[in-house]
1. Return the residues of region 234-290 that are within 16 Å of ligand 3 (Cβ to nearest atom) and of a type in the set (A, V, I, L, M, F, W, C); say none if nothing qualifies.
2. If we keep just the residues of region 317-338 that are surrounded by fewer than 17 Cβ atoms within 10 Å (Cβ to Cβ) and either modelled with pLDDT under 95 or of a type in the set (D, E, K, R) (or both), which is farthest from Lys291 (Cα to Cα)?
3. Within region 193-204, identify whether any single residue is touching an Asp or Glu at 6+ places or on another chain (Cβ under 6 Å), within 16 Å of ligand 2 (Cβ to nearest atom) and within 30 Å of Ala332 (Cβ to Cβ), and answer yes or no.
4. Mind checking which pairs have a first residue in region 244-256 that is farther than 12 Å from Lys291 by Cα and a second that is of a type in the set (A, V, I, L, M) and assigned to a strand (DSSP E or B), Cβ under 8 Å, 6 or more apart or different chains?
5. Which residue pairs have Cβ atoms under 7 Å apart, sit 6 or more places apart or on different chains, and have a first residue in region 231-243 that is modelled with pLDDT of 95 or more and a second that is basic (Lys, Arg) and away from ligand 1 (no atom under 12 Å from the Cβ)?
6. When the residues of region 39-62 are filtered to those that are more than 13 Å from Cys80 (Cα to Cα) and among the polar types (S, T, N, Q), which remaining residue is nearest to ligand 3 (Cβ to nearest atom)?
7. If you check every pair at least six apart or on different chains, which have Cβ atoms under 8 Å apart with a residue in region 8-35 that is modelled with pLDDT of 95 or more and among the aromatic types (Phe, Trp, Tyr) first and a residue that is within 16 Å of ligand 3 (Cβ to nearest atom) and assigned to a helix (DSSP H, G or I) second?
Amino acid sequence: MLYTIVTFGCQMNVHESEKIAGMLENIGYSYTDSKEAADIIVFNTCAIREGAEDRALGNIGNLKRMKKANPNKIIAVAGCMTQQKQIAEKLFKTFPFIDIIVGTHNLYSLPILIKEKQEKNKRIFSNVESGEVCENVPVSRTSGENAWVNIMYGCNNFCTYCIVPYVRGREMSRKKEDILNECKNIISCGKYKQITLLGQNVNSYHAPDYENGNFADLLKSICRLDGDFKLTFMTSHPKDISDEVIEILASEDKILKELHLPVQSGSTKILKAMNRKYTREHYLYIVDKIKNKIPNIRLTTDIIVGFPGETEEDFNDTCSLIEYVKYDGIFAFMYSKRSGTVAENMPNQIPDEIKNFRVNKILEMEKQIQKKKGI
Ligand code: SAH
Ligand code: SF4
Ligand code: F3S
(Lines give C-alpha, C1' and ligand atoms only; values in the text may rest on other atoms or scores of the structure.)
(Ligands and ions follow the chains in the order given, each with its own letter.)
Protein backbone atom coordinates (compact mmCIF):
# COMPACT_ATOMS: atom_id res chain seq x y z
CA MET A 1 0.00 0.00 0.00
CA LEU A 2 1.41 3.37 -1.07
CA TYR A 3 0.74 6.97 -0.03
CA THR A 4 1.67 10.39 -1.33
CA ILE A 5 1.11 13.86 0.13
CA VAL A 6 0.79 17.19 -1.68
CA THR A 7 1.64 20.07 0.65
CA PHE A 8 0.76 23.76 0.31
CA GLY A 9 1.48 26.64 2.71
CA CYS A 10 3.82 27.35 5.57
CA GLN A 11 6.39 25.36 7.57
CA MET A 12 3.61 24.42 9.97
CA ASN A 13 1.96 22.54 7.12
CA VAL A 14 5.24 21.04 5.94
CA HIS A 15 5.70 19.63 9.44
CA GLU A 16 2.11 18.51 9.66
CA SER A 17 2.62 16.58 6.43
CA GLU A 18 5.48 14.80 8.23
CA LYS A 19 2.94 13.82 10.88
CA ILE A 20 0.47 12.66 8.24
CA ALA A 21 3.31 10.57 6.74
CA GLY A 22 4.13 9.15 10.19
CA MET A 23 0.49 8.19 10.81
CA LEU A 24 0.15 6.54 7.40
CA GLU A 25 3.40 4.60 7.78
CA ASN A 26 2.16 3.45 11.17
CA ILE A 27 -0.85 1.80 9.55
CA GLY A 28 1.18 0.08 6.85
CA TYR A 29 1.52 2.56 3.97
CA SER A 30 4.87 3.37 2.28
CA TYR A 31 5.81 6.58 0.52
CA THR A 32 5.71 7.06 -3.24
CA ASP A 33 6.18 10.30 -5.17
CA SER A 34 3.73 9.10 -7.82
CA LYS A 35 0.08 10.12 -7.57
CA GLU A 36 -0.72 7.43 -10.16
CA ALA A 37 0.80 4.68 -8.01
CA ALA A 38 -0.51 5.93 -4.65
CA ASP A 39 -3.38 4.09 -2.95
CA ILE A 40 -4.02 7.20 -0.90
CA ILE A 41 -3.32 10.85 -1.78
CA VAL A 42 -3.52 13.47 0.95
CA PHE A 43 -3.75 17.16 0.05
CA ASN A 44 -2.53 19.35 2.89
CA THR A 45 -4.04 22.71 1.93
CA CYS A 46 -3.38 26.38 2.78
CA ALA A 47 -5.91 29.23 2.92
CA ILE A 48 -3.63 32.21 3.50
CA ARG A 49 -4.20 33.83 0.09
CA GLU A 50 -6.54 33.24 -2.81
CA GLY A 51 -3.61 32.03 -4.93
CA ALA A 52 -2.83 29.23 -2.47
CA GLU A 53 -6.47 28.11 -2.50
CA ASP A 54 -6.63 28.20 -6.30
CA ARG A 55 -3.51 26.06 -6.61
CA ALA A 56 -4.98 23.46 -4.27
CA LEU A 57 -8.33 23.49 -6.09
CA GLY A 58 -6.57 23.04 -9.45
CA ASN A 59 -4.48 20.16 -8.14
CA ILE A 60 -7.44 18.40 -6.57
CA GLY A 61 -9.59 18.95 -9.69
CA ASN A 62 -6.93 17.26 -11.83
CA LEU A 63 -7.47 14.00 -9.98
CA LYS A 64 -10.89 13.30 -11.44
CA ARG A 65 -9.48 11.21 -14.28
CA MET A 66 -7.16 9.23 -11.99
CA LYS A 67 -9.96 8.43 -9.59
CA LYS A 68 -12.13 7.26 -12.47
CA ALA A 69 -9.37 4.92 -13.61
CA ASN A 70 -8.94 3.58 -10.08
CA PRO A 71 -12.03 4.10 -7.90
CA ASN A 72 -10.28 2.43 -4.94
CA LYS A 73 -7.74 5.20 -4.68
CA ILE A 74 -8.48 7.20 -1.52
CA ILE A 75 -8.38 10.98 -1.85
CA ALA A 76 -8.18 12.93 1.40
CA VAL A 77 -8.08 16.69 1.88
CA ALA A 78 -6.60 18.16 5.07
CA GLY A 79 -5.16 21.54 6.12
CA CYS A 80 -6.43 25.06 6.55
CA MET A 81 -8.97 25.08 3.68
CA THR A 82 -10.92 22.30 5.34
CA GLN A 83 -11.39 24.31 8.52
CA GLN A 84 -13.41 27.02 6.76
CA LYS A 85 -16.96 25.81 6.82
CA GLN A 86 -18.16 27.12 3.45
CA ILE A 87 -14.97 26.24 1.61
CA ALA A 88 -14.87 22.72 3.04
CA GLU A 89 -18.51 22.14 2.12
CA LYS A 90 -17.92 23.50 -1.37
CA LEU A 91 -14.92 21.21 -1.83
CA PHE A 92 -16.94 18.20 -0.76
CA LYS A 93 -19.78 19.09 -3.14
CA THR A 94 -17.73 20.19 -6.15
CA PHE A 95 -15.41 17.21 -6.09
CA PRO A 96 -17.49 14.07 -5.46
CA PHE A 97 -14.31 12.00 -5.77
CA ILE A 98 -12.93 13.39 -2.50
CA ASP A 99 -13.30 10.53 0.01
CA ILE A 100 -12.20 12.22 3.23
CA ILE A 101 -12.18 15.80 4.47
CA VAL A 102 -10.32 16.19 7.75
CA GLY A 103 -9.89 19.49 9.64
CA THR A 104 -6.79 20.98 11.27
CA HIS A 105 -8.00 20.26 14.81
CA ASN A 106 -8.73 16.58 14.28
CA LEU A 107 -5.97 15.75 11.79
CA TYR A 108 -4.84 13.07 14.21
CA SER A 109 -7.97 11.05 13.60
CA LEU A 110 -6.95 10.47 9.96
CA PRO A 111 -6.05 6.76 10.46
CA ILE A 112 -9.47 6.14 12.06
CA LEU A 113 -11.23 8.00 9.24
CA ILE A 114 -9.39 5.92 6.63
CA LYS A 115 -10.49 2.73 8.38
CA GLU A 116 -14.05 3.99 8.56
CA LYS A 117 -14.00 4.87 4.87
CA GLN A 118 -12.73 1.39 3.98
CA GLU A 119 -15.17 -0.48 6.23
CA LYS A 120 -18.32 1.49 5.45
CA ASN A 121 -17.33 2.60 1.95
CA LYS A 122 -18.83 6.05 2.42
CA ARG A 123 -17.49 9.57 2.08
CA ILE A 124 -16.37 11.22 5.32
CA PHE A 125 -16.54 14.89 6.31
CA SER A 126 -14.93 15.52 9.70
CA ASN A 127 -13.68 18.93 10.79
CA VAL A 128 -14.73 19.17 14.42
CA GLU A 129 -12.95 21.71 16.64
CA SER A 130 -10.87 20.63 19.61
CA GLY A 131 -9.16 22.61 22.34
CA GLU A 132 -6.49 20.05 23.13
CA VAL A 133 -2.91 19.49 22.08
CA CYS A 134 -2.42 15.98 20.71
CA GLU A 135 0.87 14.34 21.73
CA ASN A 136 2.72 11.19 20.64
CA VAL A 137 1.83 11.47 16.96
CA PRO A 138 4.35 9.52 14.87
CA VAL A 139 6.48 11.74 12.62
CA SER A 140 8.27 10.78 9.41
CA ARG A 141 10.74 13.66 8.93
CA THR A 142 11.53 14.84 5.41
CA SER A 143 13.45 18.10 5.90
CA GLY A 144 17.02 16.79 5.67
CA GLU A 145 19.24 17.83 8.56
CA ASN A 146 16.58 20.11 10.02
CA ALA A 147 13.94 18.84 12.41
CA TRP A 148 10.79 20.91 12.91
CA VAL A 149 9.33 21.02 16.42
CA ASN A 150 5.97 22.62 17.12
CA ILE A 151 5.93 24.52 20.38
CA MET A 152 2.45 25.99 20.00
CA TYR A 153 -0.61 25.86 17.80
CA GLY A 154 -3.13 28.50 16.73
CA CYS A 155 -3.07 32.28 17.04
CA ASN A 156 -4.81 34.91 19.20
CA ASN A 157 -3.75 38.01 17.32
CA PHE A 158 -6.44 38.49 14.71
CA CYS A 159 -4.45 40.69 12.36
CA THR A 160 -7.30 42.08 10.30
CA TYR A 161 -6.15 40.53 6.99
CA CYS A 162 -5.39 37.06 8.31
CA ILE A 163 -7.35 33.82 8.16
CA VAL A 164 -5.04 31.82 10.46
CA PRO A 165 -6.88 32.43 13.78
CA TYR A 166 -10.09 31.24 12.11
CA VAL A 167 -8.64 28.04 10.68
CA ARG A 168 -6.16 27.17 13.42
CA GLY A 169 -8.08 28.25 16.51
CA ARG A 170 -6.78 29.89 19.67
CA GLU A 171 -3.17 29.69 20.90
CA MET A 172 -2.28 26.48 22.70
CA SER A 173 1.24 25.91 23.97
CA ARG A 174 2.68 22.42 24.25
CA LYS A 175 4.05 21.29 27.60
CA LYS A 176 7.68 22.20 28.05
CA GLU A 177 8.44 18.64 29.10
CA ASP A 178 6.99 17.21 25.88
CA ILE A 179 8.99 19.69 23.79
CA LEU A 180 12.23 18.90 25.64
CA ASN A 181 11.66 15.16 25.23
CA GLU A 182 11.07 15.56 21.51
CA CYS A 183 14.26 17.65 21.18
CA LYS A 184 16.25 15.06 23.18
CA ASN A 185 15.07 12.29 20.85
CA ILE A 186 15.94 14.35 17.78
CA ILE A 187 19.45 15.09 19.07
CA SER A 188 20.17 11.56 20.27
CA CYS A 189 19.16 9.86 17.02
CA GLY A 190 22.12 11.61 15.36
CA LYS A 191 20.42 12.40 12.03
CA TYR A 192 19.74 16.10 12.58
CA LYS A 193 22.02 19.11 12.98
CA GLN A 194 19.34 21.74 13.46
CA ILE A 195 16.06 22.14 15.34
CA THR A 196 13.56 24.76 14.19
CA LEU A 197 10.86 25.64 16.72
CA LEU A 198 7.52 26.43 15.09
CA GLY A 199 4.54 28.54 16.08
CA GLN A 200 2.55 31.42 14.60
CA ASN A 201 3.82 33.60 17.41
CA VAL A 202 6.60 31.78 19.29
CA ASN A 203 7.26 34.73 21.58
CA SER A 204 3.94 34.27 23.33
CA TYR A 205 4.78 30.64 24.23
CA HIS A 206 3.68 29.86 27.75
CA ALA A 207 4.44 26.45 29.25
CA PRO A 208 1.31 24.92 30.76
CA ASP A 209 3.46 22.70 33.00
CA TYR A 210 6.01 25.20 34.40
CA GLU A 211 5.56 28.40 36.32
CA ASN A 212 7.19 31.30 34.43
CA GLY A 213 7.87 28.93 31.54
CA ASN A 214 8.00 31.60 28.86
CA PHE A 215 9.72 31.44 25.46
CA ALA A 216 13.06 32.69 26.79
CA ASP A 217 13.02 29.98 29.44
CA LEU A 218 12.21 27.34 26.83
CA LEU A 219 15.10 28.49 24.59
CA LYS A 220 17.49 28.34 27.55
CA SER A 221 16.36 24.85 28.51
CA ILE A 222 16.76 23.53 24.96
CA CYS A 223 20.24 25.08 24.71
CA ARG A 224 21.18 23.24 27.92
CA LEU A 225 20.50 19.86 26.31
CA ASP A 226 23.66 17.85 25.59
CA GLY A 227 24.71 17.38 21.99
CA ASP A 228 25.96 19.18 18.95
CA PHE A 229 23.03 20.99 17.35
CA LYS A 230 21.85 24.43 16.23
CA LEU A 231 18.55 26.00 17.23
CA THR A 232 16.33 28.52 15.46
CA PHE A 233 12.65 29.52 15.59
CA MET A 234 9.77 31.15 13.72
CA THR A 235 7.69 33.26 13.67
CA SER A 236 8.35 36.18 16.02
CA HIS A 237 5.67 38.84 16.33
CA PRO A 238 7.41 42.22 16.87
CA LYS A 239 4.94 43.15 19.63
CA ASP A 240 5.97 40.18 21.79
CA ILE A 241 9.72 39.76 21.36
CA SER A 242 11.25 40.43 24.77
CA ASP A 243 14.66 41.78 25.82
CA GLU A 244 15.26 38.43 27.46
CA VAL A 245 14.79 36.61 24.14
CA ILE A 246 17.10 39.09 22.36
CA GLU A 247 19.68 38.55 25.10
CA ILE A 248 19.52 34.77 24.69
CA LEU A 249 19.67 35.05 20.91
CA ALA A 250 22.86 37.09 21.35
CA SER A 251 24.54 34.95 23.99
CA GLU A 252 23.72 31.31 23.20
CA ASP A 253 26.15 29.74 20.75
CA LYS A 254 23.65 27.06 19.83
CA ILE A 255 21.10 29.59 18.53
CA LEU A 256 21.58 30.64 14.90
CA LYS A 257 22.05 34.38 14.49
CA GLU A 258 18.94 34.78 12.37
CA LEU A 259 15.51 36.22 13.02
CA HIS A 260 12.35 36.34 10.94
CA LEU A 261 10.55 39.48 12.14
CA PRO A 262 7.56 40.23 9.90
CA VAL A 263 6.86 43.96 9.72
CA GLN A 264 3.96 43.79 7.17
CA SER A 265 4.03 47.56 6.57
CA GLY A 266 6.23 50.57 7.30
CA SER A 267 3.26 52.88 7.83
CA THR A 268 1.95 53.27 11.37
CA LYS A 269 -1.49 54.09 9.96
CA ILE A 270 -1.62 50.81 8.03
CA LEU A 271 -0.14 48.82 10.94
CA LYS A 272 -2.98 50.14 13.09
CA ALA A 273 -5.58 49.13 10.50
CA MET A 274 -3.91 45.71 10.36
CA ASN A 275 -4.21 45.40 14.18
CA ARG A 276 -0.49 44.64 14.46
CA LYS A 277 -0.21 46.49 17.79
CA TYR A 278 3.15 48.20 17.12
CA THR A 279 4.18 51.37 15.34
CA ARG A 280 6.84 51.89 12.70
CA GLU A 281 8.97 53.58 15.39
CA HIS A 282 8.64 50.70 17.83
CA TYR A 283 9.55 48.16 15.16
CA LEU A 284 12.67 50.15 14.25
CA TYR A 285 13.54 50.50 17.92
CA ILE A 286 13.52 46.68 18.23
CA VAL A 287 15.57 46.28 15.04
CA ASP A 288 18.18 48.77 16.30
CA LYS A 289 18.36 47.00 19.63
CA ILE A 290 18.88 43.62 17.96
CA LYS A 291 21.47 44.93 15.51
CA ASN A 292 23.40 46.61 18.34
CA LYS A 293 23.51 43.40 20.33
CA ILE A 294 24.07 41.06 17.37
CA PRO A 295 25.78 42.94 14.52
CA ASN A 296 25.91 39.86 12.28
CA ILE A 297 22.20 39.02 12.69
CA ARG A 298 20.46 37.76 9.53
CA LEU A 299 17.11 39.61 9.52
CA THR A 300 14.21 38.60 7.27
CA THR A 301 10.64 39.86 7.03
CA ASP A 302 7.17 39.53 5.49
CA ILE A 303 5.47 42.48 3.80
CA ILE A 304 1.93 42.90 2.53
CA VAL A 305 1.37 45.50 -0.18
CA GLY A 306 -2.01 46.87 -1.17
CA PHE A 307 -3.75 46.50 2.19
CA PRO A 308 -7.06 48.45 2.00
CA GLY A 309 -6.38 52.19 2.26
CA GLU A 310 -2.64 51.94 1.52
CA THR A 311 -1.75 55.23 -0.18
CA GLU A 312 1.37 56.07 -2.16
CA GLU A 313 2.69 57.75 0.97
CA ASP A 314 2.05 54.64 3.11
CA PHE A 315 3.81 52.50 0.55
CA ASN A 316 6.76 54.90 0.50
CA ASP A 317 6.97 54.47 4.28
CA THR A 318 7.35 50.72 3.70
CA CYS A 319 10.09 51.34 1.13
CA SER A 320 12.01 53.67 3.42
CA LEU A 321 11.76 51.14 6.27
CA ILE A 322 13.19 48.43 4.01
CA GLU A 323 15.97 50.79 2.95
CA TYR A 324 16.79 51.47 6.60
CA VAL A 325 16.70 47.86 7.87
CA LYS A 326 18.42 46.35 4.80
CA TYR A 327 16.88 42.92 5.26
CA ASP A 328 18.72 39.77 4.24
CA GLY A 329 15.48 38.39 2.80
CA ILE A 330 11.95 39.68 2.15
CA PHE A 331 8.75 37.74 1.48
CA ALA A 332 6.46 40.25 -0.20
CA PHE A 333 2.79 39.46 -0.77
CA MET A 334 -0.07 41.23 -2.51
CA TYR A 335 -2.96 41.65 -0.06
CA SER A 336 -5.59 38.99 -0.66
CA LYS A 337 -9.13 39.40 0.66
CA ARG A 338 -10.05 36.58 3.06
CA SER A 339 -13.63 35.81 3.79
CA GLY A 340 -14.65 36.38 7.42
CA THR A 341 -11.73 38.67 8.28
CA VAL A 342 -12.18 42.31 9.38
CA ALA A 343 -10.26 43.73 6.38
CA GLU A 344 -12.61 41.98 3.97
CA ASN A 345 -15.14 44.77 4.34
CA MET A 346 -12.77 47.70 4.68
CA PRO A 347 -13.23 50.55 2.19
CA ASN A 348 -10.58 51.58 -0.34
CA GLN A 349 -9.54 48.14 -1.52
CA ILE A 350 -6.53 48.55 -3.82
CA PRO A 351 -6.65 47.54 -7.50
CA ASP A 352 -4.50 44.61 -8.63
CA GLU A 353 -2.32 46.70 -10.97
CA ILE A 354 -1.19 48.87 -8.07
CA LYS A 355 -0.54 45.83 -5.86
CA ASN A 356 1.47 44.33 -8.68
CA PHE A 357 3.53 47.45 -9.16
CA ARG A 358 4.24 47.73 -5.44
CA VAL A 359 5.22 44.10 -4.96
CA ASN A 360 7.62 44.33 -7.90
CA LYS A 361 9.15 47.49 -6.51
CA ILE A 362 9.85 45.68 -3.23
CA LEU A 363 11.36 42.68 -4.99
CA GLU A 364 13.59 45.06 -6.95
CA MET A 365 14.66 46.79 -3.72
CA GLU A 366 15.46 43.42 -2.17
CA LYS A 367 17.66 42.54 -5.16
CA GLN A 368 19.54 45.82 -4.88
CA ILE A 369 20.12 45.39 -1.14
CA GLN A 370 21.37 41.85 -1.63
CA LYS A 371 23.66 42.94 -4.46
CA LYS A 372 25.20 45.59 -2.22
CA LYS A 373 25.61 43.08 0.59
CA GLY A 374 27.09 40.55 -1.82
CA ILE A 375 24.54 37.88 -0.84
N1 SAH B 1 2.19 34.26 12.17
C2 SAH B 1 3.04 34.87 11.25
C3 SAH B 1 2.61 34.83 9.81
C4 SAH B 1 1.75 33.76 9.27
S5 SAH B 1 1.13 33.97 7.67
C6 SAH B 1 3.20 36.32 11.64
O7 SAH B 1 2.38 36.88 12.31
O8 SAH B 1 4.16 36.90 11.21
C9 SAH B 1 2.57 34.36 6.73
C10 SAH B 1 2.51 35.68 6.03
O11 SAH B 1 1.48 35.68 5.07
C12 SAH B 1 2.19 36.86 6.91
O13 SAH B 1 3.30 37.33 7.61
C14 SAH B 1 1.67 37.87 5.93
O15 SAH B 1 2.71 38.66 5.41
C16 SAH B 1 1.09 37.01 4.83
N17 SAH B 1 -0.38 37.08 4.80
C18 SAH B 1 -1.25 36.70 5.74
N19 SAH B 1 -2.53 36.95 5.35
C20 SAH B 1 -2.45 37.51 4.14
C21 SAH B 1 -3.41 38.05 3.22
N22 SAH B 1 -4.72 38.03 3.49
N23 SAH B 1 -2.96 38.57 2.05
C24 SAH B 1 -1.65 38.61 1.76
N25 SAH B 1 -0.70 38.14 2.59
C26 SAH B 1 -1.08 37.61 3.77
FE1 SF4 C 1 -2.00 35.83 11.15
FE2 SF4 C 1 -1.33 37.86 12.66
FE3 SF4 C 1 -1.67 35.46 13.76
FE4 SF4 C 1 0.43 35.91 12.20
S5 SF4 C 1 0.01 36.91 14.17
S6 SF4 C 1 -0.91 34.15 12.14
S7 SF4 C 1 -0.38 37.31 10.68
S8 SF4 C 1 -3.26 36.73 12.83
FE1 F3S D 1 0.05 27.95 7.20
FE2 F3S D 1 -1.50 28.51 5.16
FE3 F3S D 1 -2.55 27.46 7.27
S4 F3S D 1 0.18 29.69 5.84
S5 F3S D 1 -1.29 28.05 8.98
S6 F3S D 1 -1.03 26.53 5.94
S7 F3S D 1 -3.43 29.08 6.07
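1. Correct list: Met234 only.
2. Lys337
3. yes
4. Pairs that qualify, where the first residue is farther than 12 Å from Lys291 by Cα and the partner is of a type in the set (A, V, I, L, M) and assigned to a strand (DSSP E or B), are Ile248/Ile255; Glu252/Leu231; Lys254/Leu231; Ile255/Leu231; Leu256/Leu231.
5. Leu231/Lys254
6. If we take residues in region 39-62 being more than 13 Å from Cys80 (Cα to Cα) and among the polar types (S, T, N, Q), then Asn59 is nearest to ligand 3 (Cβ to nearest atom).
7. Partner pairs satisfying both residue conditions: Phe8/Ala52; Phe8/Arg55; Phe8/Ala56.
Residues checked against (1) surrounded by 19 or more Cβ atoms within 10 Å (Cβ to Cβ); (2) away from ligand 3 (no atom under 14 Å from the Cβ); (3) closer than 24 Å to Leu198 by Cβ:
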site: Asp99; (1), (2), (3): yes, yes, no
site: Ile114; (1), (2), (3): yes, yes, no
site: Asn127; (1), (2), (3): yes, no, yes
site: Val139; (1), (2), (3): yes, yes, yes
site: Gly144; (1), (2), (3): no, yes, yes
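The values are calculated or read from the model by the stated rules, or taken from the named source; none is laboratory data. Keep in mind that this is a model prediction, so the values were computed, not measured. Don't worry about glycine lacking a Cβ; one is built from the backbone with ideal geometry, like all the others, and counts go over all protein chains shown.
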